[in-house]
Every structure is written in C-alpha cells, then in structure tokens.
1. Of the conditions (1) within 16 Å of the ligand (Cβ to nearest atom); (2) surrounded by fewer than 20 Cβ atoms within 10 Å (Cβ to Cβ), residue 83 satisfies every one except a single condition; which number is it?
2. Are there helices (runs of 4 or more DSSP H) fully within the stretch 262-368 with at least 1 residues that are closer than 19 Å to residue 139 by Cβ? List them.
3. Are any residues in the stretch 227-260 surrounded by fewer than 21 Cβ atoms within 10 Å (Cβ to Cβ) and of a type in the set (S, T, N, Q), and if so, which ones?
4. Taking interchain pairs and intrachain pairs at least six residues apart, which have beta carbon atoms under 8 angstrom, with the first residue in the stretch 110-121 and closer than 25 Å to residue 147 by Cβ and within 15 Å of the ligand (Cβ to nearest atom) and the second assigned to a loop (DSSP other than H, G, I, E, B) and of a type in the set (Gly, Ala, Ser)?
5. For the stretch 158-205, what are the residues that are small (Gly, Ala, Ser) and surrounded by 13 or more Cβ atoms within 10 Å (Cβ to Cβ)?
6. Within the stretch 86-98, take every residue that is surrounded by 16 or more Cβ atoms within 10 Å (Cβ to Cβ) and in a loop (DSSP other than H, G, I, E, B) and give me the one that is nearest to the ligand (Cβ to nearest atom).
7. Would you call residue 208 farther than 21 Å from residue 292 by Cα, surrounded by 21 or more Cβ atoms within 10 Å (Cβ to Cβ) and in contact with a strand residue (DSSP E or B) (Cβ under 6 Å, 6 or more places away or on another chain)?
Amino acid sequence: MKKILAITLALITAALFVSCSGAQIQSEPTESAPAPTETAAMTNAITDPFVPSSEPTATPSAEPTNVPTTEPATEASTQPAHVHTFTDVIRKKPGMLEDGVMHRVCSECGEEFDEPIPATRSIKILAFGNSFSDDGFRNLPYVLKDLGFKEVILGNLYIGSCSLDMHWDNIKSGANAYLFRETHIDGLRVDYPNKNVKYAMEKYDWDFIIVQQKGNWCGDSSKFSVLGNVLSYIDQNKSNPAAKIFWHMTWSYRNGVNPSQYGGQLAFYNAIANVTKNTVMTKKLISGLIPSGTAIQNARTSMIGDNFNHPDDGFHLGPKYGYYTAALTWACAILKVSPGDVTWKPVGMTDDEAAAIKEAVENAIKKPYAVTKSTYN
Ligand SMILES: [Zn+2]
C-alpha cells in the first residue's frame, strides 16, 4: 500500500510537470517546439487515463480551456489531438484513514476517470483530563500507528484527580494550573508545565476534544452541574470548527478499593453507566462516547479476571492489560474502526488475552451501558 502510494505520488509529480510543459508547447510558435519524438513521449504520458495528472483540488483546472489542436489528423493514432483539460470534482472527501475520490473529466474529449485523494493519516486529540485520560493515552499512539496514522498528537490538560468543576474554574480564571502533556506517534511524551486551557485549545487544530469527570465522582449525578458550561466553552472556542467532543467514561476500581458510597465494584460500575447514560450523554454537544469503563468491566469477566488496574493503587489502569483495553476503546470509539483492525499488542500479552480484550471492547462499543460477559474463560 505504501509502495503504491509512493508510486502514485511520483506519477502525480511527473505528470504535473509533463502537463505544464505540454500546455506551453501547444501555445508557443511551432519553431520553438521540441523535437517531435520528445513531444510524443510527453503527450503519451498525458493521455494515459491511469496516470493521475494533477493535484487533487476542488477548483477547476487552471489550464486554458481551448488549447488549439495543431497535430495533423493522420497522426491521431500516435499523436494525441489535444492536451487534456480536466475539470475536477471531489466525489468523496478524504477521511483520516479512508482515501477520498476525485472525479476528473476532460472538457476537450470527455475522457473521465476517478483517482484517489490520499487519506490525511493525521489525528490530534485533546483531553480535558486527569490521570485517567493519561491512562487512556498510554498505548493509544501505538494503536493509532498500527491503524495507519503518520501523525498523532495527544494533548492532556493534566491535573491529578481534576474534576469538571476544577476545569470550569480554570477555564473562567485562565489559571496556569495545568501540566500540558503531549504524546506523539512514537510514544514520546513532552510535558509543558504551568499552562492554561487557552494555551491547549489554541496550540493545535484538534480533531477530537475529550471531556471526563474525576474518577470517583463518575457515579454521582450531582457532580455534573457545570458540564454544560464546559461543553459550551469548548464548542465556542475550538480552533477546528469540525472538532468533535467525546465523553470518556471511566471505570470502577479493583475489588476492595472502590469508593465506599457506591458499595463494591459492580455497583460502582452500574452507577457510572447510569450517570453516563442519563446525565452526560443527553448533552447535545457531545458527539460520542468512549466507553472505557464498560470495556474494562466486560474484560474482567474473561480469564484475565480483575487484573486491569495498576498494581500500585488499584484504581489507575495497569500497564499490562488496562492501558491496552483503554487505548483500543478510544481508537474504536473515535474512529469507528473494529478492534479486529488492530494487530499491535503489548509485549508479553498472549493472543488469547488480546482477543479477550478486543471482544470486551467491541461489546462495550455495541452496548456501552451494560456488562457483556466474555466468551474467553
Ligand atoms: Zn481530453
């Protein structure tokens, strides 16, 4: 695929050059024209319908619309009668991972064909986060690279245990209260201390902006009074008008460390699912859900068991299974791809474990507010 893309690009460049030269030749006096053999070689290249001959663009070709045809009719079989004058129409815009389609029609001869517009293969995600969005970002660059991305920028507005209320206070005050952490495609992380919300919002044209709540408040609907304010701020201040806002649903903790007010792991999960469904996802400004909490709870029913949290504290995700589960959930929820599209898995994870996690993620995307039992036991 890479090779085909490279060849296509090379041909586009070559044909562009030829196309421009050809147009000049036609409009200049005959005595300054190059030797016939050279012209023939160039125009043959131009008439090949499988050779893309210009950059993809929405605007019609800038070349003259009436190019005089000076070639004798008898030579039509070997000498093309004209230089193609293409009108380009975008049939399908390129996506992040899917090529678009450019339809090209020559106004001289009516010759027409489609050619691909390369996918952008670039993604920029900003989180109004805390350490739980950091958990989500740990394996995400590798998953995105595996899916074909060439440019990945993950930005986290980080304050440990940051709640929606704290984000809203910082939005209003402009306080330089954050560690702004950028993670790039190769997993390189760069920390920028003492930054504010405006800095992060303006730094890149984010494609997705992720909002979440402090982990132990996610099952308490009374803690969401400023959610609408935060969403409105993001919607009105996003530098990329097409940026989509997603909600990151976080998880219940390892058995034994869940907040006491919820009464155990499953009860905490059910509270999170209920608030996510009925308090959060009813907001119109939210385009989609990243159901990490459900993916984790689904995966706990597999042979991996209750081993998705960090061994040090039991509530952050752990590097062995938790990061991977979250990264797959983020990628699949945001990009509408299937976990099966991802071949990368962390070193040391078995194929069965990866398959169990992918099943858990797939089921979480399908049924985000309820546990689906694993078939990997
Ligand atoms: Zn033509």
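1. (2)
2. 292-299, 322-335, 351-366
3. Correct list: 229, 232, 236, 237, 239, 240, 255, 260.
4. No pair meets every condition.
5. Those that are small (Gly, Ala, Ser) and surrounded by 13 or more Cβ atoms within 10 Å (Cβ to Cβ): 163, 175, 177, 187, 200.
6. 94
7. No, not satisfied.
Just so you know, all these numbers are worked out from the coordinates, no wet-lab data involved. Source: prediction; values computed, not measured. Cβ atoms come from the backbone with ideal geometry, glycine included; neighbour counts cover every protein chain shown.
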